[in-house]
Amino acid sequence: MIKTRLILPVLLGLVLSFTSCSKDDDPIVDPDKDNSGELPVEPNEPEFLDLDSYSSGQKVMMQTFYWDVEPRHEWWNLLSEKVEGWADAGIDRLWFPVATKGQSGGYSMGYDPSDYFDFGEYNQHSTIPTRFGTRAELESLIDKSHDLGLEVIADIVLNHNSGGGKEWNPYREKETWTLFNEENGNASGWFNRDYENFYPNSTSPYDEGSLFYEETNLDHNQEYVQDWLWKKENSVAKYYMNEMDFDGWRFDYVAGFEPWVVKAWLDEVGGFSVAELWDGNASNLANYVEKTGSGAFDFATFYKLDEAFDRHDDLTYLERDMLWKTHPDKAVTFTANHDTEKDDNEDNNISVENKMKAYAFILTHPGYPTIFYSDYENDNFKAEIQQLIEIHNSLAIGDLELLHVDKDEYIMKRNGDNENPGLILYISTSENKKRRNVQTNWKNVTLLDYSGNSTYIPTSDENGTVNLEAPANGYAIWSVSK
């Protein structure tokens, strides 16, 4: 895969002094004094490392949609035009929207699933294509993605169904929309359902975990439901993987059904997986990944970022519990998704002015970062996100060491390895530039900011002490020069 080279302008020469302030009681280095060993440099020196020569061993996932994408029926074709650029930028997985027919037909985002096997080929719910396009267009997109070395992740809704026909339900003693067959919302004829397959039924009581479409909440305890979802050779799981060539799973709203369902699915078919357990408690997320073997979106990190940057304006929140701290290989970190970006509750999204600092955090810390389509395709963010992906894919490796944190400063080091120098992230929410001495294992080397946000050029001393800088209300990402 071709990688985009990180090209940063470097202003060379002596750095002019300026005033710095801090909100804590720690001593602050006076930039008027030569405390850090900054040295005059000759033109064309120092030089940035060639990041193509380094690898962190991990890349980044792209969420390829937002709510109510436009143009309708053309989304698969639109994505086909973008995947090559995403691959070049360092993306290795694409999280697709729910790809099958929902009750809302050509307007459905897929989270009202009706026919698990209609990828845009049956005329039902007043449309043949889904909101995103036809099956043929989807298959073409998957093939192109695979040719570029990209995995494709299917969004799977296993809890609730919608769009069936009405039938008498003796367990609810009324008519319910629980009949799914060729004439009623399931034109494929595969995985037909009726009231016996939803809670309550002859074998299972009502499921209190259902918050959506409670009358059509699938009963996973039934052998019939298990067969059609993951056990049979033409089950949803095996059909998606073997016939449609999906490589993994994003499990929607897993709070609505038991963890053993996800574990059984993965035991049967495997593949990359991430669960949407909307819970900001890191311990609850950790318990879930241990029970299922699946990764999970790190909502604990998402909410700590919101608290640190927006809600409380206090970077010490970044010290608190997050999933990546205990399960870095299972934590899928993010700063936005289709749900958070449309949420009217400001505590459920990260503000535009703080979003790049949040991306700098997840793209330098452990965990598997996810980029939100609308952020990446925003001209105000795109180049900066590309730079952060390049840094993540090359230098974000090694044990994490917290060098300093207070209300308006956060400094973290990834220690690298024998062949990779790692990096230091310096975030500041102060209105002024900040500088601080930190201890590193980089001795007598000149450092550069690989984010391009600072033109300061510090040099470490013989003990590895160096005076680093963060721009006002921003971040810098430091590493060694050539």
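The values are calculated or read from the model by the stated rules, or taken from the named source; none is laboratory data. Bear in mind that the values here come from a model prediction, so they are computed numbers and not experimental data. Cβ coordinates were reconstructed from backbone atoms using ideal geometry, including for glycine residues, and neighbour counts include every protein chain displayed. Quick note on the areas: whole protein, heavy atoms, side chains included, nothing else; ligands and nucleic acids left out. Shrake-Rupley method; radii C 1.70, N 1.55, O 1.52, S 1.80 Å.
Here are some notes:
- Largest accessible area first, the residues 251, 381 order themselves as 381, 251 under a 1.4 Å probe with ligands, DNA and RNA left out.
- Cα gyration tensor category, rounded, prolate or oblate, for segment 218-257 with a/c compared to 1.5: oblate
- Across the chain, the relative contact order, built from alpha-carbon pairs under 8 Å that are at least six residues apart, equals 16 percent.
- Apportionment of accessible area to carbon and sulfur, segment 223-316, percent (1.4 Å): 43 percent
- Shape parameters for segment 227-278, alpha-carbon atoms, Rg then Dmax in Å: 10.7, 32
- Reciprocal of mean inverse Cα separation for the chain (Kirkwood radius, Å): 24.2 Å
- Extension gain, residue 88 to residue 147: 0.36 nm times the residue separation minus the Cα-Cα distance gives 20.0 nm.
- Other-chain or far-sequence residues with amide H under 5 Å of residue 433's (modelled H): 472
- Shape category assigned to segment 73-174 from the gyration tensor of Cα positions, a/c cut at 1.5: prolate
- Per residue solvent-accessible surface (Å²) - the chain, probe of 1.4 Å: 40 Å²
- Loop-located GluC sites (Glu not before Pro) in segment 163-216 whose Cβ has at most 13 other Cβ within 10 Å (DSSP): 173, 183, 208
- Rolling a 1.4 Å probe over the protein heavy atoms of segment 52-163, with every protein chain left in place, gives an accessible area that is 43 percent carbon and sulfur.
- Segment 256-339, relative contact order in percent, only Cα pairs under 8 angstrom and at least six apart counted: 29 percent
- Classified by the C-alpha gyration tensor, segment 187-300 has an oblate form. Its axis ratio a/c, with a ≥ b ≥ c, is 1.5 or above, and a/b does not exceed b/c.
- Ranked packing of 117-124, 233-240, most packed first, by mean Cβ within 10 Å: 117-124, 233-240
- Here, segment 133-264 has an Rg and a Dmax of 16.1, 54 Å when only alpha carbons are counted.
- Across segment 277-294, rounded Karplus estimates of 3J(HN,Hα) from the backbone phi angles (6.51 cos²θ - 1.76 cosθ + 1.60, θ = phi - 60°) give 9, 6, 8, x, 8, 4, 5, 5, 5, 5, 4, 5, 5, 5, 6, 9, x, 8 Hz, Gly and Pro being marked x.
- Segment 70-155: relative contact order in percent, alpha carbon pairs under 8 Å with at least 6 residues between: 39 percent
- Ratio Rg/Rh, restricted to segment 156-220 and using Cα atoms, in which Rh is the Kirkwood radius: 0.94
- Under the Debye formula (equal points on every Cα, no solvent term), log10 I(q)/I(0) of segment 385-468 at q = 0.14, 0.18, 0.22 Å⁻¹: -0.48, -0.82, -1.24
- In order along segment 425-438, the phi-based Karplus estimate (6.51 cos²θ - 1.76 cosθ + 1.60, θ = phi - 60°) of 3J(HN,Hα) comes to 9, 10, 9, 9, 10, 5, 7, 10, 4, 10, 9, 8, 6, 9 Hz; Gly and Pro are listed as x.
- Counting heavy atoms of the protein chains alone, residue 342 has an accessible area of about 110 Å² for a 1.4 Å probe.
- Nonlocal amide H pairs with residue 49, under 5 Å, H built at 1.01 Å: 482
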